[in-house]
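Colleague: Just dropping this structure here.
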Amino acid sequence: MSGSRTGTPKDPVQQRVLRVLVFAQILGGIGMGATLSLGALLAAETSGSSAWSGMAATMSTLGAATAAVPLATLARNRGRRVSLSTGATVTGGGAILAVTAASLSLFWLLLVSLALLGAGGATSLQARFARYRPRRLRHPWPGPLNHRVVHHGGRSPRPQPL
């Protein structure tokens, strides 16, 4: 792999990291799909009512939303590797709890495990940008919002008389 025009790294270590990230994205996508479909079946089975089957997707989404900010903060403060490892560990714990909840038929534990599995979604989204490093970031927000914040201190510019 040459790194001049395609943007791929020349360093063999970076190439290996990139391959691992791609493989993890593939497995993570399969896992998230299985979480939603099997989670719905397990929720209906353990709750005793098919009306609760939608809680699988709800808890997974809430788990991803809840984990996104702490994982991003962890990535900023301690690095991407620590953040991705923490997210993967939480997700693994969620998988173990899901198996336990299914074997014991505990609906509440299944909901907790689905929320923890949802952290895998946030981790997966974060891993997609693990290699991306912008050369120079001029302003955090492009467009009109950036113009208001940078040039006018967050206030809208005064209208000009006609």
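The values are calculated or read from the model by the stated rules, or taken from the named source; none is laboratory data. What you are looking at is a predicted structure, and each value in this text was computed from that prediction instead of being measured. Positions of Cβ are backbone-derived with ideal geometry, glycine not excepted, and every protein chain shown enters the neighbour counts. Calculation scope for accessible area: heavy atoms of the full protein, side chains included, ligands and nucleic acids excluded. Shrake-Rupley method; radii C 1.70, N 1.55, O 1.52, S 1.80 Å.
Colleague: Quick one: which of 52-58, 31-37, 99-105 comes out on top by average Cβ neighbours within 10 Å, and what's the full order, highest first?
Modeller: 52-58, 31-37, 99-105
Colleague: Next question. For Leu106 and Phe23 in one chain, what is 0.36 nm times their gap in residues minus the Cα-Cα distance, to one decimal in nm?
Modeller: Between Leu106 and Phe23, full extension yields an extra 26.6 nm.
Colleague: Give me the accessible area per residue for region 69-129, probe 1.4 Å, as a whole number in Å².
Modeller: Computed with neighbouring chains in place, this is 54 Å² per residue.
Colleague: Under 8 Å for C-alpha pairs, at least 6 residues apart: give me the relative contact order for region 24-131, rounded to a whole percent.
Modeller: Over region 24-131, the number comes to 35 percent.
Colleague: Okay, next question. Mind checking the alpha-carbon convex hull of region 79-126 and giving the volume per residue in Å³?
Modeller: Dividing the Cα hull volume of region 79-126 by its residues yields 45 Å³.
Colleague: Using a probe of 1.4 angstrom, how much of the accessible area of region 1-92 is carbon and sulfur, in percent?
Modeller: 66 percent
Colleague: Follow-up question, since we're still on this one. At most 12 other Cβ atoms within 10 Å and a DSSP loop assignment: could you name the trypsin sites (Lys or Arg not before Pro) in region 1-102 that fit?
Modeller: Arg5, Lys10
Colleague: On full extension of the chain, what length is gained from Glu45 through Arg81, given 0.36 nm per residue of separation minus the C-alpha to C-alpha distance?
Modeller: 9.2 nm
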